[in-house]
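Colleague: My questions will all concern the structure given below.
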Amino acid sequence: MIRIRWVLELTRLILEIIGADMSTCTRRVKVVLYEKGVDFVIKPIDWATGEHKSEAHLSKQPFGQIPVLEDDGFILFESRAIGRYIAAKYADQGTKLLPNPEDLRAVALLEQAACIEQSDFEPNVGGIAMEKVFNPFKGIATDEARFKKHVETFGTKLDGYERILSKQKYLAGDELTVVDLWHLPHGEIAEKYAPEVFEAHPKFNAWWQSLKNRSSWIKANEKGNLL
Amino acid sequence: MVLIIIGHPVSTCTRRVKTALYEKGVEFNLQVIDWPGGEHRTEAHLQKQPFGQVPVLIEEDGFILYESRAIGRYIAAKYANQGTKLLPDPSDLKAVALFEQAASVELADFDPPASGLAYEKIIKPRTGLTTDEKRVQTLNQTLNSKLDGYERILSKHKYLAGEELTLVDLFHLPYAATTELLAPELYESHPKVHAWYKELKERPSWKKANEGL
């Protein structure tokens with residue numbers, strides 16, 4: 001098996017993800033890869049020496065970020081775009097994560113959910129993660145007032161989620177999609193620092209717990225997370 | 001019965017949808033929401049849009065869709081065979097992936113600092129709140145550094161997802177316009193971005209979406 005894998009890597013038939021096992025955005029990609037049963041290798045980036053700011057990296061990812069997918073010469077960045085590509089390319093294997101592309105309304109409802117995740121959920125959980133994890137990691141003190149504001153806004157947004165998840169099982173309808181999975185990396189951090197907000201929204205919390213317990217997410221966190 | 005858009009003429013997100021509808025030549029009726037009267041917070045509205053926002057699309061058979069970018073995508077797909085081509089061919093997985101990459105960049109990298117600046121310098125004064133000048137400085141710095149990334153992208157190809165215009169370029173217009181107003185020096189220091197924006201803002205669809213404002 002190891003020899004075959006080595007050959008696959010050498011011949012670039014195995015997907016490469018430039019990233020970091022513990023990074024939230026890398027794990028957002030890993031969870032999709034595990035759901036679809038797609039083999040991949042993580043190519044670590046040397047953050048300490050500023051490799052993410054090197055010309056070599058910037059020519060692949062112009063914002064100096066990770067993850068970046070390399071699929072036999074095709075380069076793609078943005079964890080959600082990578083997840084969508086994997087889900088579409090491997091549509092016929094693993095968990096179904098996208099609606100049928102011909103069903104325009106199902107696609108529209110997926111896109112509605114995707115916007116909600118990126119516009120309504122992410123800024124607040126991302127903000128909580130910034131104040132409580134990323135800034136302290138960089139030696140910047142938590143701004144407690146900003147943290148409180150993020151938690152407050154997060155609670156308001158979850159009122160919207162509660163309405164949606166009282167009508168249907170997942171965010172885009174009654175079937176799981178990639179969008180549900182995207183909530184996991186920063187949502188996990190928000191749950192650690194603002195658990196009361198989760199508890200105050202029972203339908204949301206039930207949906208959340210079911211996602212957290214998926215084996216793909218547990219596996220994505222195997223090499224560590226930021227909690 | 002034509003398509004209904006619940007929204008407001010001045011709303012950035014409503015204008016984002018109007019631009020897409022004009023590009024595709026799709027007729028619609030704008031049902032103006034009573035924002036000062038708090039209509040967006042009524043149960044009737046929350047049933048349609050659970051976050052109390054606009055715009056909302058309502059089709060003839062009662063299909064409801066919200067989030068301006070989702071509405072734009074739906075219109076572009078449903079009316080793929082008329083008006084301007086705004087989406088890649090769905091069977092071209094790599095073209096679709098590059099479109100999604102650009103779409104994610106707009107939401108993750110451009111919208112937060114650009115809309116943040118608009119909130120601090122336009123919305124807050126209008127609603128009697130005080131601009132946080134320190135936050136404005138941070139947002140300016142963030143937007144400047146993000147535009148460095150955009151400059152790299154637009155030095156390689158004409159539009160954000162490749163050589164052809166897509167919906168994602170148009171998604172930028174509302175806050176690209178406020179950025180021109182609030183931080184024009186950011187365009188001066190990013191010539192490719194500036195050229196891309198200058199061309200987009202001349203599109204008749206955008207001009208029409210802003211008529212009367």
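Colleague: Would you check if A:Gly50 is out of contact with any Asp or Glu (no Cβ under 7 Å at 6 or more places or on another chain), touching a residue at least 40 places away in the same chain (Cβ under 8 Å) and at positive phi?
Modeller: Taking the combined requirement at face value, the residue does not satisfy it.
Colleague: Also, I was wondering about something else. What strands (runs of 3 or more DSSP E), lying completely within segment B:23-73, carry at least 1 residues that are at pLDDT 95 or above and touching a Pro at 6+ places or on another chain (Cβ under 8 Å)?
Modeller: Because the criterion is at least 1 residues that are at pLDDT 95 or above and touching a Pro at 6+ places or on another chain (Cβ under 8 Å), the strands (runs of 3 or more DSSP E) in segment B:23-73 that meet it are B:28-32, B:64-66.
Colleague: Here is a follow-up. Inspect all residues belonging to segment B:84-95 and state whether any of them is at the interface with another protein chain (Cβ under 8 Å from one of its Cβ atoms) and in contact with a Lys or Arg (Cβ under 8 Å, 6 or more places away or on another chain).
Modeller: Yes, segment B:84-95 has at least one match.
Colleague: Look through segment A:140-159, keep the residues that are assigned to a helix (DSSP H, G or I) and small (Gly, Ala, Ser), and return whichever of them is nearest to A:Glu78 (Cα to Cα).
Modeller: In this case the residue turns out to be A:Gly155.
Colleague: Please count how many residues of segment B:13-37 are in contact with a Leu (Cβ under 9 Å, 6 or more places away or on another chain) and within 23 Å of B:Val168 (Cα to Cα).
Modeller: The total comes to 13.
Colleague: For the structure I just gave you, tell me whether A:Ser119 is without any contact (Cβ under 8 Å) to a residue 24 or more places away in the chain, more than 11 Å from chain B (Cβ to nearest Cβ), of a type outside the set (A, V, I, L, M) and closer than 27 Å to A:Met22 by Cβ.
Modeller: For A:Ser119, the condition - without any contact (Cβ under 8 Å) to a residue 24 or more places away in the chain, more than 11 Å from chain B (Cβ to nearest Cβ), of a type outside the set (A, V, I, L, M) and closer than 27 Å to A:Met22 by Cβ - is not met.
Colleague: So, in segment A:78-106, how many residues would count as being surrounded by fewer than 21 Cβ atoms within 10 Å (Cβ to Cβ) and either in contact with a strand residue (DSSP E or B) (Cβ under 7 Å, 6 or more places away or on another chain) or facing chain B (nearest Cβ under 10 Å) (or both)?
Modeller: 7
Colleague: How many residues are under 22 Å from A:Leu176 (Cβ atoms) and of a type outside the set (Val, Ile, Thr) if we restrict to segment A:16-38?
Modeller: 9
Colleague: When segment A:160-198 is examined, which residues are found to be part of a loop (DSSP other than H, G, I, E, B) and not acidic (Asp, Glu)?
Modeller: A:Gln168, A:Lys169, A:Tyr170, A:Leu171, A:Ala172, A:Gly173, A:Leu176, A:Thr177, A:His183, A:Ala194
The values are calculated or read from the model by the stated rules, or taken from the named source; none is laboratory data. Given the structure is predicted, the values throughout are model-derived calculations rather than measurements. Here Cβ is always computed from backbone atoms with ideal geometry, including for glycine, and neighbour counts include all displayed protein chains.
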